[in-house]
Amino acid sequence: MDEFAIIRRLTEGRQTPAFQKERGIVTGIGDDAAVANLTSGCQLVMTCDTMTEEIHFKKITMRDTDIGYKAMAAAVSDIAAMGAIPRYALISLSFPKGTVLDKIESIYKGLYECADRFKVVIAGGDTTSAVQGITVAVTIIGEVERGKALLRSVAKPGDVLFATGFLGLSAAGLQYLLDRGIPSGEWDEHSVTEAHSALVRAHCRPDPQIEAGQLLQRSGICHALNDVSDGLASEAWEIAEASGVGIDLIEERIPVAGELLVYAQQRELDALDFILYGGEDYQLVGTMREEHAAAMQAKFREAGLALHIIGYVQTQPRGVRLVQSGGKVVSLEKKGYNHF
Ligand SMILES: Nc1ncnc2c1ncn2[C@@H]1O[C@H](COP(=O)(O)OP(=O)(O)O)[C@@H](O)[C@H]1O
Ligand SMILES: Cc1ncc(C[n+]2csc(CCOP(=O)(O)OP(=O)(O)O)c2C)c(N)n1
Ligand SMILES: [Mg+2]
Ligand SMILES: [Mg+2]
Ligand SMILES: [Mg+2]
């Protein structure tokens, strides 16, 4: 089968012309480039995330459908972190000659599952062979009302730092999946024990916070915003550096999911390490003035979402510190997932 036949097989029947037109596609898959409409008064928001075999996933950590779902979710999450709405996606796929097409179709099934959930239209992409391993790169084009994008660089002294949900579960899920060692090397959903299912789900099926990003953007009171791909410490550092401020994380304010606590206790590990340095949570962290926090939390509760106040922004010292439960204040390294 040549690449054109593969592309036809992966995309055929998924999106009718009527569906595409409704979502703004003028010319979709099949021409040199896609043509699409944007809502007037909006600005483009563009992001790209890559997932590559052995670095982002292995046979023992993710099923094929999860690979597609998570690749799309990671890119959607960056759009959420701008307070924007995702609209169109381009998918770049590379895999070795001889890869069973069922595998690629399953990855695509996952991509579509996440795309459909957030009303994203796959408008095109690229397909190539590779010497080794599978790589999926997702580019998303989104939109936000002119001048309303939420940036990392606007945290202000006196702000509180918030997070939209539990952190650290994905990294614990990854460790559980790597440690349990499946003899056959095959992912088997039924072998995941009940106690670990929330961790595994967080790792394999992250939940990008588009709704939270929209609530924050429309409220007009959110200052900085970032999504957590490399760990809370790393993302707090990104905000602190971009904004020229210091951030104090208050240990006792950081929520710890029950499943993470149990897992960390069993392994004699510190749950906080997963939270600070694990990554791939795809929750949002950001800042707003303290006086707006209670009303924003009420808005989030109404929407069935969580908003935890976990720290403070100050002028000095720059960088990120942790105020430990005992009251001791320690500097946090700018450490998190780093590719090189
Ligand atoms: N190869 C590249 N060429 C140009 N810009 C890049 C490249 N890789 C990353 N970037 C840009 O660098 C910034 C940081 O990237 P990254 O750490 O991947 O962001 P995030 O963690 O939010 O996904 C982003 O603005 C991204 O667009
Ligand atoms: C097999 C395997 N090993 C390690 C990891 C952990 N891991 C890989 S990439 C990454 C960070 C997030 O990915 P990145 O490409 O840096 O995303 P971005 O920051 O661009 O959103 C983490 C925690 C994993 N997911 N799978
Ligand atoms: Mg990225
Ligand atoms: Mg990001
Ligand atoms: Mg990264």
**OP:** Determine whether Gly98 is open to solvent by 10 Å² or more (accessible area, probe 1.4 Å) and at positive phi.
**Re:** yes
**OP:** Being over 16 Å from Val136 (Cβ atoms) and among the small types (Gly, Ala, Ser) is the filter; apply it to segment 58-115 and report the residue that is modelled with the lowest pLDDT.
**Re:** Gly98
**OP:** Take the residues in segment 57-90 that are away from ligand 4 (no atom under 16 Å from the Cβ) and charged (D, E, K, R), then tell me which one is least open to solvent (accessible area, probe 1.4 Å).
**Re:** Asp66
Original post:
So which of Ser106, Ser40 ends up being assigned to a helix (DSSP H, G or I), of a type in the set (S, T, N, Q) and surrounded by fewer than 20 Cβ atoms within 10 Å (Cβ to Cβ)?
Top reply: Ser106
Original post:
Counting residues that are in the same structural domain as Leu284 (by TED's automatic domain parsing), within 13 Å of ligand 2 (Cβ to nearest atom) and within 21 Å of the chain's Cα centre (by Cα), which helices (runs of 4 or more DSSP H) fully inside segment 140-243 reach at least 3?
Top reply: 169-180, 194-204, 232-243
Subject >> Output for segment 214-233, where each listed residue is within 15 Å of ligand 5 (Cβ to nearest atom) and over 14 Å from Ser170 (Cβ atoms) >> reply: Asn226, Ala233
Original post:
For Gly258, all conditions in the list (1) more than 16 Å from ligand 1 (Cβ to nearest atom); (2) among the small types (Gly, Ala, Ser); (3) within 26 Å of Phe118 (Cα to Cα) hold save one; what is the number of the exception?
Top reply: (3)
Original post:
Here is a list of conditions, (1) within 16 Å of ligand 5 (Cβ to nearest atom); (2) open to solvent by 40 Å² or more (accessible area, probe 1.4 Å); (3) closer than 18 Å to Ser77 by Cα, and Glu211 meets all of them except one; can you say which number that is?
Top reply: (1)
**OP:** Kindly establish whether Ala242 is of a type outside the set (Val, Ile, Thr) and open to solvent by less than 40 Å² (accessible area, probe 1.4 Å).
**Re:** no
Original post:
So, of the residues in segment 44-53 that are within 16 Å of ligand 5 (Cβ to nearest atom) and farther than 12 Å from Thr139 by Cβ, which turns out to be surrounded by the fewest Cβ atoms within 10 Å (Cβ to Cβ)?
Top reply: Thr52
Original post:
Which of the residues that make up segment 130-147 are of a type in the set (A, V, I, L, M) and either open to solvent by 10 Å² or more (accessible area, probe 1.4 Å) or without any contact (Cβ under 8 Å) to a residue 12 or more places away in the chain (or both)?
Top reply: Ala130, Val131, Ala137, Ile141
**OP:** Scan segment 319-334 residue by residue and report those that are modelled with pLDDT of 95 or more and open to solvent by 60 Å² or more (accessible area, probe 1.4 Å).
**Re:** Arg321, Gln324, Lys328, Val329, Ser331
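Taking helices (runs of 4 or more DSSP H) that fall entirely within segment 246-340, which contain at least 3 residues that are more than 16 Å from ligand 2 (Cβ to nearest atom) and closer than 27 Å to Val200 by Cα? Even if it seems obvious, please write down each step before you answer.
Numbers: elements: 258-266, 271-277, 290-302.
Ranges flagged: 258-266.
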Original post:
Which is open to solvent by less than 50 Å² (accessible area, probe 1.4 Å), over 24 Å from Gly158 (Cβ atoms) and not assigned by TED's automatic domain parsing to the domain that holds Val76, of Ala303, Ala298?
Top reply: Ala303
Subject >> Filter result for the condition that a residue is under 25 Å from the mean Cα position of the chain (by Cα), assigned by TED's automatic domain parsing to the domain that holds Tyr88 and away from ligand 1 (no atom under 16 Å from the Cβ), over Met62, Met72, Met51 >> reply: Met62
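The values are calculated or read from the model by the stated rules, or taken from the named source; none is laboratory data. Source: prediction; values computed, not measured. Cβ sites come from the backbone with ideal geometry, for glycine too, and all protein chains shown count toward neighbours. Calculation scope for accessible area: heavy atoms of the full protein, side chains included, ligands and nucleic acids excluded. Shrake-Rupley method; radii C 1.70, N 1.55, O 1.52, S 1.80 Å.
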